[in-house]
Amino acid sequence: MAVIIDGKEISNKVLDELKVEVDKLKGKGITPCLAVVLVGSDTASCIYVKNKQKACEKIGIESKEYLLPEETTEQELLDLIDKLNNDENVDGILLQSPIPRHLDILKAFNKIIPEKDVDGFNPINAGLLSMGFPVFIPCTPQGIMRMFKEHNIEIEGKRCTVIGRSNIVGKPMAQLLINKGGTVTVCNSKTQNLKEILLASDIVISAVGKPKIITDDMIKQNSVVIDVGINRNEQGKICGDVDFENVKDIAGYITPVPGGVGPMTIAMLMNNIILACKNRRK
Ligand code: NAP
């Protein structure tokens, strides 16, 4: 049976460490501040935003919420980002995605100045990561790297497979593994022989968004299986991409959903806000 990588436990440890940092900053009269921008009222996004704000509150980071209606124009969104870019008291700006289809996500991420881009989605920060000089590392992949560190899981020389090629998870994840010396394969919906690729992998990271797409017959004995997916099963319960109950008997390490990658993502956002605050207010 695999070692269960407990994201809740590790994230609580990270948050405790970060609270010490926040207390030190407060001792100098500085309170780190996050501005969260949410356009529309997507249910999942509202829950994610609430959880992020709760974490801010827990460790003493100030969070300001900007709730914009679904029909917000591109110019209105860009103007708000501009205002937050110029607000001396705001250290980090988080634009919750997805945003309504009529808005250009690239334009919006591009508008957030790299110094306040705590999600690491601005093209400058994405470019720095791909060159191996990251400043703000996207929170989900960063959280997964911290999980590896906590369990002394080596990347160098390992065959790693990332399933999913999104800009927020798959690509930055692959980049971090490459930077650490992993031999990396990135799969997508058109990949042929996914099972064959996974059976040859030491580390599998699934970021697809489909329940039970990864089954026990696809996984090598004692490999590391990280489940990024957040889905609902037939009973309406939150589940990941991996058939956890069966894969846990094959893998060496596995993350559960919920309680795995999710809490780590939030902890790493807190990490990035404090980093932004320290960098800006030297
Ligand atoms: P996304 O943009 O929809 O990307 C999904 C990726 O999966 C795409 O690259 C897609 O390939 C690939 N894919 C779809 N079907 C596939 C198949 N049958 N075989 C192989 N690859 C397949 O999603 P995302 O934003 O990266 O998120 C992925 C999942 O992670 C979602 O469930 C999301 O809710 C979750 N998530 C969790 C956290 C967390 O903190 N735990 C954070 C972010 C996201 P194509 O490119 O060819 O379409």
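Quick look at the values:
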read-out	value
Loop GluC sites (Glu not before Pro), the stretch 1-95, which have at most 13 other Cβ atoms in a 10 Å radius of their Cβ (DSSP)	Glu70, Glu71, Glu88
Calculated Rg and Dmax of the chain using C-alpha coordinates, Å	18.9, 57
In the stretch 181-251, the GluC sites (Glu not before Pro) that fall in loop regions by DSSP, at most 14 other Cβ within 10 Å	Glu234
Cα gyration tensor shape of the stretch 1-106, rounded if a/c is under 1.5, else prolate or oblate by comparing a/b with b/c	oblate
Probe 1.4 Å, protein heavy atoms only - accessible area per residue of the chain in square angstrom	49
Unit charges on C-beta of K, R, D, E only; dipole of the chain, Debye	480
Volume of the Cα convex hull of the stretch 99-141, divided per residue and given in Å³	73
Cα gyration tensor, the stretch 147-273 - rounded (a/c under 1.5), prolate or oblate	rounded
Nearest-20 debye value, the stretch 188-282 charge dipole, Cβ charges on Lys, Arg, Asp, Glu	840
The stretch 238-260 and the stretch 92-167: distance between their alpha carbon centers, rounded to Å	23
Residue with peak Gaussian network fluctuation, the chain [Cα springs, cutoff 10 Å], from Val162, Val49, Val225	Val49
Dipole of the stretch 100-194, positive direction: furthest Cα of Asn167, Asn110, Phe121, with charges on the beta-carbon	Asn167
Theoretical ellipticity at 222 nm over the chain - DSSP helices of four or more residues, -39500 (n - 2.57) apiece, nearest 500	-13000 deg cm²/dmol
Helix 170-179 vs. the chain, principal-axis angle (Cα, 0 to 90°, nearest 10)	80
The chain, accessible surface, carbon-and-sulfur percent (1.4 angstrom probe)	52
Helix axis angle, 43-59 relative to the chain longest principal axis, alpha carbon, degrees	70
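The values are calculated or read from the model by the stated rules, or taken from the named source; none is laboratory data. As the structure is a prediction and not an experimental result, all values here were calculated from the model. Please note: Cβ atoms are built from the backbone with ideal geometry, for glycine as well, and neighbour counts cover all protein chains shown. SASA here: full protein model, heavy atoms, side chains in, ligands and nucleic acids out. Shrake-Rupley method; radii C 1.70, N 1.55, O 1.52, S 1.80 Å.
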